[in-house]
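**Student:** Shown below is the structure under consideration.
The values are calculated or read from the model by the stated rules, or taken from the named source; none is laboratory data. These numbers were taken from a predicted model, which means no experiment stands behind them. Methodologically, a virtual Cβ is constructed for each residue, glycine included, from the backbone with ideal geometry; neighbour enumeration extends over all protein chains shown. The accessibility values were calculated without ligands, DNA or RNA, using every heavy atom of the protein model including side chains. Shrake-Rupley method; radii C 1.70, N 1.55, O 1.52, S 1.80 Å.
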Amino acid sequence: MSEGKERGELLEQILAGYEGYFDITRMPEEEKPLAATCFFHVHNSKYVLVKKARLWEADCNEYVYLFSMPELDEETYRFCEKLAYDRGMQLIEPKPGHMYSYITAVFLCDRCTPGARKLLQKCHLYKSFRFSFYGWMDFHTAVIDCSDMSIHTNRSGKDLKKVFRKLL
């Protein structure tokens, strides 16, 4: 089995795992290395007797950007991180009731350079909106290296490691 096909199979497994909860969009060939996006939205609220008597409400979002490439190097990582961050920030609507939004960049690669892995693990992007009264944004990253099937994440994305171990 070729390495590219193996990476493609892993991408399909990940998308199948996200399918039940996320809205998935496969990207056209010209968007490469971005392979797919997965968006999740949930709205919760509590009210008394009638819906107009709302006690509280909370909107939670996650925007996942799946990248697939033969090799992840420092330059490609920076480009993809900026792409995911910029597109994710455009989708966030900080307002009363917005609790949090996660922007997640997931990299599937045949090889990952040590420099790119170090950049990914040290990534720390966080933004609060109006002192967190309008919620916050946290940026998660993960790389799945197909050469040894290792999974590396930044500190914010440590829960992704558990998710991907279950999916794969």
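**Student:** With a 1.4 Å probe and every protein chain left in place, tell me how much accessible area K95 has, in Å² to the nearest 10.
**Tutor:** Accessible surface of K95 is approximately 80 Å².
**Student:** Of the heavy-atom accessible surface of the chain (probe 1.4 angstrom), what whole percent is carbon and sulfur?
**Tutor:** Values: 5180 of 9830 Å².
Roughly 53 percent of what the probe reaches on the chain is carbon or sulfur.
**Student:** Still on this structure: Once you wrap a convex hull around the alpha carbon atoms of the chain, what is its projected area averaged over all directions, in nm²?
**Tutor:** Numbers: hull surface 43.8 nm².
That works out to 11.0 nm², a quarter of the Cα hull's surface.
**Student:** Still on this structure, I have one more. For region 69-135, what D do you get in µm² per second when you plug the Kirkwood radius from alpha-carbon pairs into Stokes-Einstein at 10 °C and 1.306 mPa s?
**Tutor:** On the way: Rh = 13.4 Å.
Roughly 119 µm²/s, to the nearest whole number.
**Student:** If you take every residue apart from F39 with its C-beta less than 9 Å away from the C-beta of F39, what net charge results, scoring Lys and Arg +1 and Asp and Glu -1?
**Tutor:** Numbers: positive: none; negative: D23, E62.
Once positives and negatives cancel, what remains is -2.
**Student:** Extension gain L49-S147, at 0.36 nm per residue separation less the Cα-Cα distance, in nm?
**Tutor:** Numbers: separation 98, 0.36 × 98 = 35.28 nm, distance 5.72 nm.
Gain on extension, L49 to S147, equals 29.6 nm.
**Student:** Summing -39500 (n - 2.57) over the DSSP H runs of n ≥ 4 in the chain and dividing by its residue number, what mean residue ellipticity at 222 nm do you reach, to the nearest 500 deg cm²/dmol?
**Tutor:** -10000 deg cm²/dmol
**Student:** I'd like to know how region 7-82 sits against the 2.2 N^0.38 Å rule of thumb: what's its Cα Rg over that expected value?
**Tutor:** Working: Rg = 17.9 Å, N = 76, 2.2 N^0.38 = 11.4 Å.
In units of the 2.2 N^0.38 Å rule of thumb, it is 1.57.
**Student:** Tell me the per residue accessible area of region 20-167 using a 1.4 Å probe; a whole number in Å² is fine.
**Tutor:** Working: 8630 Å² over 148 residues.
Value for region 20-167: 58 Å² per residue.
**Student:** Using only the Cα atoms, what convex hull volume per residue in Å³ does region 98-145 have?
**Tutor:** Working: hull volume 2.6 nm³, N = 48.
Dividing the Cα hull volume of region 98-145 by its residue count gives 53 Å³.
**Student:** With unit charges on the beta carbons (Lys and Arg positive, Asp and Glu negative) and the dipole taken about the Cα centre of the chain, which residue among L72, G20, C146 sits farthest to the positive side?
**Tutor:** It is G20.
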